[in-house]
Amino acid sequence: MFSRDQGKGPDQVVILVLLALFMFASPLVRWLMSSEHPWYLPYLIWLSIILLGALLQRRRGRHEL
Amino acid sequence: MSFDLPVIFFIAFSYMLLLFLVAYATDQGWLPAGIAKHPVTFALSLCVYATSWTYYGSVGFAVNQGYNFLTIYIGVSFAFLLTPVLLMPLLRLTREYQLTSLADLFAFRYRSQTAGIVVTLFMLIGVLPYMALQIEAVTESISILSKETSPNVLAFGFCATLTLFAILFGARHISPREKHEGLVVAIAFESAIKLIALLVVGLTALFGVWGGFGGLNEWLQQHPEAVDALYRPVTEGPWRTLLLLAFAAAFLLPRQFHMIFTENIEPRTLSIAAWLFPLFLLFLNLPIPLIMWAGQASALDVPADYYVLGLPMAQDYSVISVFAFIGGISAASAMMIVTTLALASMCLNHLLLPASFPDPHVNLYRKLLWGRRVLIGLIIMLGYGFYRLLEHKEGLVQLGLISFVAVAQFLPGIAGVLFWRRSTRAGFLAGLLGGIAVWVIVLLLPLLQVSDLIGYAPNMGVLQDTLQLDKWEFATFATLTVNITLFIVISSMTRQSQSEQEASEACCSESLVPPMGAVTAASPKQFEEGLARAVGSTIARKEVGQALSDLGMGHDETRPVELRRLREQLERNLSGLIGPQLAHIIVNQRLELNTGVQTALADSMRYVESKLEDSRSRLRGLAAELEALHRYHRQILADLPLGVCALGQNQEIVIWNLALELLSGVPLRDAQGRHVEELPEPWGQVLSGFANNEDNHVYRHMIDSGDKPRWINLHKATISQQGMALFDSKQTLGTVFLLEDLTDLENLEAELVHSERLASIGRLAAGVAHEVGNPVTGIACLAQNLRDENDSGEVRYSVEQILEQTKRISNIVQSLTTFSHGGSESYEYTSFSLHDALEESVRLVRLSHQGRKVECGQSCPVSLLARGDRQRLVQVLVNLLSNACDASSAGDKVEIIADSVDGGIGLEIYDHGVGILEEHLERIFEPFFTTKPPGEGTGLGLPMVYKIIHDHGGTIDIESEVNRGTHVRIWLPGVEYIPKERYAS
């Protein structure tokens, strides 16, 4: 009855958004967006965040069922 | 390589025709129904976000601003990552209150028609440059493809076709609350086309220019400045500002709001689109650097904004060039169509209707439909006019970003809708107007000046340089700073009105205070009459009917609680039709509330329960645990095997559990909220009588509930207010009833009494048989002696008569003895063939005179074995068959059917005889009860049958209808089958 998992979904979403902000909107951007890195690096980071979002959505979907 | 203008026109026209066909096929149901509701379709339809700006302009943006172009899509990903806390609550709100646009949302939240008007006008002005951008992109792409100046008539033709499409597939229904599946599928189709086209152009760049990844890497090594040109502007440009603008645009642009919320067919698809849509955006942007480098490497002679088209043309790929052109048409047309639909709905609800609400005699539906269609045409033509007016000196990206800064002005308002309950109408309007003023000064006037439409525009260069911000950073910072400051300050200085407070609580989903007051209209009929004065009788009838059907209510509904719900539903439905503010005004005026009436406890409970249900997933910590505890207690009440009914202070039913539903046959939805006296009889009388009775317990109360009487125990207790502060009251909170169903127990007791009576009769019969048997034996002996010793004919005849009569007495005594001593301990249990036993019984019955006249037919599997005392059971069958034959006329048929049933043997005997009277039916198992003439029956046959069956652990049941026949049903436990080999032999 009293599930320990309840409410984890939105918490994890906030953590993911914070991670995305850290990757894309923090001073880290200066280092990431350097021509020493391959041209497709921003796409890779973006894709990882999307995939993490998909993973969270799947887990949340399972809990909601 | 170039194409003739007529060919281009033909291609564009054919593509638009295909688009019409896709939408038409969906609306007609030619495509599978699941397509429109599929998450992939929904996610693709959201790609309407990617317009000509993305399709053509991204390359130009990347050339000037490097990877800054990605911010426009990464920002969207941020907004969609926040789906559970941002988009889902908005979707819930828009669906629940039928809000079809951003202007509806703000007008509803801030209870202000002015808010709706300001948002609509600003949205219109803010989006016009964006629409002009689409037309410009299409005409420019035609110029590049044909290598000659595109005539304006083509741009006009494009706009006219879009108008036709938007009217046919986006304004088919009277109300925007109805979804347009054809439109959704067509927009998804357009997105798929532009995605594939862009990927194909990307592959053309990769393999056509460099021959693959190897060639690309080699070229990049030779030109390290190419990668550097992508990365460098990120650290210098407005990266974070653009992320913020894209975040806002992701759901606040009219087309995005329309596709995410208004045309959302299946809410669950939004969770999947939360990652699938950003994934599509990623794929859309993946080819951009490749196309840019390929264009630079090939030294294309077209502007970078149109490399997507110029690259395949330069390589003489005519098919790919046409495909790229179609992709561009897709991007532009989808944006124009959806934006126009969204703006038309806003203009109708917030400009046209408030200015001239039709007379009740005018058909509102028709006026709305045609109003929307005319507005669609007007808005597209406005976009066209803006395109013609603008001097095309600004790039595609510049025009798009002006719109992005405009929609970002709604961000503070959205924060007020979802999170800041305290924010007020005045604060929102002040903030928005302040933001708009700065936007006009900083962005719009310079745009108009560049186009030579005005002579002077203020120069913000000095301020911008002082703050060391670029144009977009400065515009975003200045507009939002003024907007947010005014929003917070004015909201803090002003107070919300009552209706605004209610709306803000509804938006924040935190209110647990149920709506107060009762509707003065006392029936749906009176609702129709009230509403007819505002919208006409036909519309009023249809809308009330629709609201009743939405709530699953009947036209005879009179419960105040339900009528209050009906009023709310009507307001929501009207909101979907004419906008929230007008709907609110009409409902308030025509369906007045008596606020003096206290909210019924049932209403409060239902309200709180539904709120808890809605917000369960969002509860945290103690609230979540309390909610779980509440559900546990509620489940206990629901599953309790006793009937539970709680009455509120006004004797309205608050709780009605499952056991009581089963006991009374009255479902919860019919009982809850109803006054106890209004329950169907006999329950209304019983419960209201008990509620007003001084006794707290009533035992063995008999209720005549139709076919069979029921017995119940009733208990009641007063609900004290201790610890129930939620429901503000100084009196008791009502009464709770417990109803204990005793019917089964009562029946069991009756059966026991019956058995005891039979047993006592048996004991009596045994005694009588013993006492009568001895003298009769003596009389028979003496009579035999007299017969043997006397030859006189007369005496001999008399003695024969005496012997005959004593024989009859002996038979009766023997029957009595058998009946009374026939205990189960004397039974010999064996397994025997039921088929054979039936055959034997039929044979025995046929020996009698009556048995010969009746036709006996039996149906019993040969392999079926019954378990019991064969002789006794044959006796049972003979008795029953004899009775059936006696009741039947000559030539009638008696049928016997036997088979295995529920782990035992089911045996049925049908006759078509005279039947048994109902009053006799109840007594047929009583000893000595007979309807036969004296001397023909002892009245012990059926009691004997009953006893034998009962001793075998079986059941017997007799149904009969006078002059139709009798049906006997016997069930005996235990069933076996003859093993196959024995059966075969």
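The values are calculated or read from the model by the stated rules, or taken from the named source; none is laboratory data. Remember, it's a predicted structure, so these values are computed and weren't measured experimentally. Counting neighbours? That spans all protein chains shown, and the Cβs are built from the backbone with ideal geometry, glycine included.
Does B:T235 count as within 14 Å of chain A (Cβ to nearest Cβ) and touching a Lys or Arg at 6+ places or on another chain (Cβ under 6 Å)?
Criteria met by B:T235.
Based on this model, can you work out whether B:A155 counts as within 14 Å of chain A (Cβ to nearest Cβ), assigned to a helix (DSSP H, G or I) and over 42 Å from the mean Cα position of the chain (by Cα)?
When the stated conditions are applied, B:A155 does not pass them.
Among B:S841, B:S831, which is the only one that is part of a helix (DSSP H, G or I) and either at pLDDT below 85 or not acidic (D, E) (or both)?
Result of the check over B:S841, B:S831: B:S841.
Hey, among B:L230, B:L198, B:L242, which residue is surrounded by 23 or more Cβ atoms within 10 Å (Cβ to Cβ) and more than 14 Å from chain A (Cβ to nearest Cβ)?
Matching residue, one of B:L230, B:L198, B:L242: B:L198.
Taking the conditions exactly as written (surrounded by 18 or more Cβ atoms within 10 Å (Cβ to Cβ), more than 42 Å from the chain's Cα centre (by Cα), outside the structural domain of B:I586 (by TED's automatic domain parsing) and of a type in the set (S, T, N, Q)), does B:S321 satisfy them or not?
When the stated conditions are applied, B:S321 passes them.
I want to confirm something. Restricting to segment B:201-227 and keeping residues that are closer than 27 Å to B:I72 by Cα and of a type in the set (G, A, S), which single residue is surrounded by the most Cβ atoms within 10 Å (Cβ to Cβ)?
Going through the qualifying residues, I end up with B:A205.
Could you say which residue among B:L290, B:L282, B:L311 is in contact with a Gly (Cβ under 7 Å, 6 or more places away or on another chain) and either within 14 Å of chain A (Cβ to nearest Cβ) or not in a helix (DSSP H, G or I) (or both)?
Just one listed residue meets the conditions, B:L290.
Could you list all residues from segment B:727-770 that are modelled with pLDDT of 80 or more and of a type in the set (D, E)?
If the condition is that a residue be modelled with pLDDT of 80 or more and of a type in the set (D, E), then B:E740, B:D741, B:D744, B:E746, B:E749 are the ones that fit.
Pick from segment B:564-598 the residues that are part of a helix (DSSP H, G or I) and in contact with a strand residue (DSSP E or B) (Cβ under 7 Å, 6 or more places away or on another chain): which of them is farthest from B:K367 (Cα to Cα)?
That would be B:R564.
How many residues are in contact with a Gly (Cβ under 8 Å, 6 or more places away or on another chain) and either within 11 Å of chain A (Cβ to nearest Cβ) or of a type in the set (D, E) (or both) when one looks only at segment B:78-106?
Going through segment B:78-106 one residue at a time, the tally reaches 4.
Those residues that are of a type in the set (A, V, I, L, M, F, W, C) and in a loop (DSSP other than H, G, I, E, B), I need them from segment B:253-275; list them, please.
B:L253, B:I265
Given the conditions (1) among the polar types (S, T, N, Q); (2) under 30 Å from B:G29 (Cβ atoms); (3) within 14 Å of chain A (Cβ to nearest Cβ), which single one is not true for B:S191?
Only one criterion in (1) among the polar types (S, T, N, Q); (2) under 30 Å from B:G29 (Cβ atoms); (3) within 14 Å of chain A (Cβ to nearest Cβ) is unmet by B:S191, namely (3).
Going through segment B:263-279 one residue at a time, which ones are within 13 Å of chain A (Cβ to nearest Cβ) and among the charged types (D, E, K, R)?
If the condition is that a residue be within 13 Å of chain A (Cβ to nearest Cβ) and among the charged types (D, E, K, R), then B:R268 is the only one that fits.
How many residues does segment B:1-46 hold that are surrounded by 20 or more Cβ atoms within 10 Å (Cβ to Cβ) and touching an Asp or Glu at 6+ places or on another chain (Cβ under 6 Å)?
Looking only at that region, the number is 2.
Which of the residues that make up segment B:663-712 are closer than 15 Å to B:L738 by Cα and part of a strand (DSSP E or B)?
Residues satisfying the conditions are B:H697, B:V698, B:Y699, B:R700, B:H701, B:W711, B:I712.
Enumerate the pairs (first residue in segment B:457-481 and under 20 Å from B:L399 (Cβ atoms); second residue anywhere and buried (at least 19 other Cβ atoms within 10 Å of the Cβ) and hydroxyl-bearing (S, T, Y)) with beta-carbon separation below 6 Å, excluding pairs fewer than 6 apart on the same chain, so at least 6 apart or on different chains.
Close Cβ pairs (under 6 Å, with a partner that is buried (at least 19 other Cβ atoms within 10 Å of the Cβ) and hydroxyl-bearing (S, T, Y)) amount to B:W472/B:T241; B:E473/B:T241; B:T476/B:T241.
Specify the residue that is surrounded by the most Cβ atoms within 10 Å (Cβ to Cβ); the eligible residues are those in segment B:47-68 that are within 14 Å of chain A (Cβ to nearest Cβ) and farther than 13 Å from B:Y307 by Cβ.
So, considering only residues that are within 14 Å of chain A (Cβ to nearest Cβ) and farther than 13 Å from B:Y307 by Cβ, the one surrounded by the most Cβ atoms within 10 Å (Cβ to Cβ) is B:Y67.
Sort out which residues of segment A:24-52 are under 20 Å from B:I288 (Cα atoms), surrounded by fewer than 17 Cβ atoms within 10 Å (Cβ to Cβ) and at the interface with chain B (Cβ under 7 Å from one of its Cβ atoms), and write them in order of number.
Selection gives A:S34, A:S35, A:L47.
Against the definition (modelled with pLDDT under 85 and away from chain A (no Cβ under 14 Å)), how does B:N657 come out, yes or no?
Here the answer is no, as B:N657 does not meet what is asked.
Collect the residues in segment B:65-109 that are over 23 Å from A:A25 (Cβ atoms), of a type outside the set (A, V, I, L, M) and part of a helix (DSSP H, G or I), keeping them in residue-number order.
Listed by number, the residues that qualify are B:P89, B:R92, B:T94, B:R95, B:E96, B:D104, B:F106, B:F108, B:R109.
Conditions (1) at pLDDT below 75; (2) within 30 Å of B:K179 (Cα to Cα), marked per residue:
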{"residue": "B:G579", "(1), (2)": "no, yes"}
{"residue": "B:L591", "(1), (2)": "no, yes"}
{"residue": "B:R606", "(1), (2)": "yes, yes"}
{"residue": "B:S615", "(1), (2)": "yes, yes"}
{"residue": "B:R620", "(1), (2)": "yes, no"}
{"residue": "B:H633", "(1), (2)": "no, no"}
{"residue": "B:L637", "(1), (2)": "no, no"}
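Of all residues being crowded, with 17+ Cβ neighbours inside 10 Å and closer than 25 Å to B:P238 by Cβ in segment A:10-23, which is farthest from the other protein chains (Cβ to nearest Cβ)? Just the residue, please.
Selected residue: A:M23.
With the requirement that a residue be within 30 Å of B:R808 (Cα to Cα), acidic (D, E) and surrounded by 12 or more Cβ atoms within 10 Å (Cβ to Cβ), what does segment B:898-935 give you?
B:D911, B:E926
Taking the criterion of being within 30 Å of B:G237 (Cβ to Cβ), assigned by TED's automatic domain parsing to the domain that holds B:P287 and more than 31 Å from the chain's Cα centre (by Cα), would at least one residue in segment B:75-90 satisfy it?
There is at least one residue in segment B:75-90 that is within 30 Å of B:G237 (Cβ to Cβ), assigned by TED's automatic domain parsing to the domain that holds B:P287 and more than 31 Å from the chain's Cα centre (by Cα).
Give segment B:207-227 a look and list any residue that's more than 13 Å from chain A (Cβ to nearest Cβ) and either free of Cβ contacts under 8 Å to residues at least 60 places away in the same chain or among the β-branched types (V, I, T) (or both), or say none.
Of everything in segment B:207-227, those that are more than 13 Å from chain A (Cβ to nearest Cβ) and either free of Cβ contacts under 8 Å to residues at least 60 places away in the same chain or among the β-branched types (V, I, T) (or both) turn out to be B:F207, B:V209, B:G211, B:G212, B:G214, B:G215, B:E218, B:Q222.
Output the helices (runs of 4 or more DSSP H) that fall wholly within chain A and possess 1 or more residues being of a type outside the set (D, E) and at pLDDT 85 or above, or say none.
Per the criteria, A:8-24, A:41-64.
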